[in-house]
Amino acid sequence: MNDKLDKNLILLKNSWLSDVKIVAESISTQKDAKFDGQKNCLYMTEQQSETYGRFGRQYFAAKSGGIYMSLLLKPDLTTEELPEYTLLTAAAVVCAIEKLTDKKPQIKWVNDLYLDGKKFVGILAESVIEADGTIKIIIGVGINFSISDFPVELREKATSLFANESPIISRSELVAEIWSQFDRLVKADFLSIYKQHSFILGKQVEFVQNNVAYEGLATDLTAKGELIVKLNNGSDKILSSGEISLKKWT
């Protein structure tokens, strides 16, 4: 299958996008989006050299077989009215994959997607408030689409949508469907979809907050995507994704 990224195919399914800008190499599509700043534009690259996720962590980007993209939005909303873009995007990705394949992805709170217990998607939503008060949202998505050769240290932790098989769809078909689902779900109940695909809810989790270790049962999510954990002492703790990274879940 010729899997060259197809701008026209993506735009055909997403008339709400202003453009799709594809480059052969990029330091970061997040940085490309911030620098260029075109509203409703999708920025993509074949190779990315300085990938980063939550808390500035780097993640593996292969020379081929990956999807690296960032969407720039300029919503005419207040910060209180903004949807939870990380949850929305995660819901859009799982809906797109389940529509086009027989795969059953799950979501690890808050921004990672897993298959067979291994990570294959990372999502990063960032916001920038301009001097005039307008808001820019940049949503980055990295997908291991058909990568089989991972570094030794990642082989037990990472996988691909098509890890040991030939893809039945192209990368562009998946990208087109993801942003079509995103546009559909932005005014729908994407939180329910997110919860249905969560493998953290109902599990014992461990985390550290202010240098104190906690354990408890992940019971639910708030409307803002915060994780509600019932601690072993019976009290509830609400975790913000910007503050906490889960250390363990069983």
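Just to be sure I understand: with springs between alpha-carbon atoms less than 10 Å apart, which residue in Ala176, Ala131, Ala163 has the highest mean-square fluctuation in the Gaussian network model of the chain? In this elastic network of the chain, the residue with the biggest mean-square fluctuation among Ala176, Ala131, Ala163 is Ala131.
Tell me, rounded to the nearest percent, the portion of alpha carbon pairs in the chain spaced more than 32 Å apart. The share of Cα pairs beyond 32 Å in the chain comes to 19 percent. Extension gain, Ala188 to Asn210, is 4.4 nm, computed as 0.36 nm per intervening residue step minus the present C-alpha separation.
Can you tell which of Glu46, Glu215, Glu81 shows the greatest fluctuation in a Gaussian network model of the chain with Cα springs below 10 Å? It is Glu81. Based on protein heavy atoms only, the chain ends up with 50 Å² per residue of surface accessible to a 1.4 Å probe.
In the chain, the calculated helix contribution to ellipticity at 222 nm averages -6500 deg cm²/dmol per residue, counting -39,500 (n - 2.57) for every DSSP H run with n ≥ 4.
Carbon and sulfur atoms: what percent of the 1.4 Å accessible area of the range 125-236 do they account for? Kindly include the intermediate steps, with their values, before the conclusion.
Details: 2630 of 5650 Å².
Exposed carbon and sulfur together represent 46 percent of the surface.
Across the range 122-250, Cα-Cα distances exceeding 20 Å account for 63% of all pairs.
Given a cut-off of 27 Å, name the pairs among Lys103/Lys237; Lys21/Lys157; Lys99/Lys136; Lys21/Lys99 whose C-alpha atoms lie farther apart than that in the structure shown. Pairs exceeding 27 Å: Lys103/Lys237; Lys21/Lys157; Lys99/Lys136.
Please list the three semi-axes, largest first and in whole Å, of the ellipsoid equivalent to the range 202-241, using sqrt of 5 times the eigenvalues of its alpha carbon gyration tensor. Numbers along the way, then the final one.
On the way: eigenvalues 47, 30, 13 Å².
Largest first, the range 202-241 gives 15, 12, 8 Å.
Pop the C-beta distance of Asp19 and Val128 into the FRET formula with R0 = 30 Å and round what comes out to the nearest 0.05. Present the calculation step by step, with values, prior to reporting the outcome.
Details: r = 20 Å, r/R0 = 0.65.
Using R0 = 30 Å, I get an efficiency of 0.95.
The values are calculated or read from the model by the stated rules, or taken from the named source; none is laboratory data. Computed from a prediction, not measured in an experiment: that's the story for all the values here. Please note: Cβ atoms are built from the backbone with ideal geometry, for glycine as well, and neighbour counts cover all protein chains shown. Note: areas computed on protein heavy atoms with side chains; ligands, DNA, RNA excluded. Shrake-Rupley method; radii C 1.70, N 1.55, O 1.52, S 1.80 Å.
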